[in-house]
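The values are calculated or read from the model by the stated rules, or taken from the named source; none is laboratory data. Everything quoted here is computed from the prediction, not taken from an experiment. No Cβ is skipped: glycine too gets one built from the backbone with ideal geometry, and neighbour counts run over all protein chains shown.
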Amino acid sequence: MSGAKKQVCALPLAGIYWDDELPELRELTKIPEDDHNKIFRLLGVRSLLWKGEVLSDDDQQFWNAMQSLVPSWAVFQRISVSPEDLQADEDAQRETMEALRAWLADADAVSVTEKDGLQHLSLTFDLTKGERAVPKDERWWKRIFRPW
């Protein structure tokens, strides 16, 4: 644990973690989606503990089950943090929510689903919105060199 570097993750975590708690991104992408979702859920539950919140029964059972599997994992060694770390975690959450609000406001369609304690967002953007319609039979070179 000593010497680990604090990191900030906007998405999917929206919080802080230390580099000895997660594999590098390249390695994380090799882990099955279900497993890395569990990792991020666990980090989210830990953030609740840092704030002194009472966990739901489901979150508490999840925490206990994961801790029994890997009790020496650094995540379980950092169940309390300094006021500065707590502030950094809250700042990361706030900044992520501000960015999400901007994305949501610009999206043409939004869906939110929840699975295994994690929220999944799907945003759709119509990138052609507002563009001038081009006749389908117009040749490509005429479209490229047409004066707008």
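Just a yes or no: is a residue in the stretch 110-120 modelled with pLDDT under 80, more than 30 Å from Q61 (Cβ to Cβ) and among the small types (G, A, S)? Can you show your working first?
Here is the first cut: in the stretch 110-120, the ones modelled with pLDDT under 80 are 115-120.
In the following step, the residues that additionally are more than 30 Å from Q61 (Cβ to Cβ) were identified as none.
No, there is no match, as no residue in the stretch 110-120 is modelled with pLDDT under 80, more than 30 Å from Q61 (Cβ to Cβ) and among the small types (G, A, S).
When you scan the stretch 4-19, do you find a residue that is closer than 18 Å to G117 by Cβ, among the small types (G, A, S), surrounded by 15 or more Cβ atoms within 10 Å (Cβ to Cβ) and under 18 Å from the mean Cα position of the chain (by Cα), even just one?
Step one: filter the stretch 4-19 for residues closer than 18 Å to G117 by Cβ, giving 9, 11-15, 17.
The next check asks that each one be among the small types (G, A, S); those that pass are 14-15.
Next cut, surrounded by 15 or more Cβ atoms within 10 Å (Cβ to Cβ) only: 14-15.
Restricting the remaining residues to those that are under 18 Å from the mean Cα position of the chain (by Cα) gives 14-15.
Looking for residues that are closer than 18 Å to G117 by Cβ, among the small types (G, A, S), surrounded by 15 or more Cβ atoms within 10 Å (Cβ to Cβ) and under 18 Å from the mean Cα position of the chain (by Cα), one finds at least one in the stretch 4-19, hence yes.
Within the stretch 83-126, track down each residue that is assigned to a loop (DSSP other than H, G, I, E, B), charged (D, E, K, R) and surrounded by 12 or more Cβ atoms within 10 Å (Cβ to Cβ).
Taking the stretch 83-126 first, the residues assigned to a loop (DSSP other than H, G, I, E, B) are 107-108, 116-117, 125-126.
From what is left, the residues that are charged (D, E, K, R) are 108, 116, 126.
None; the set is empty.
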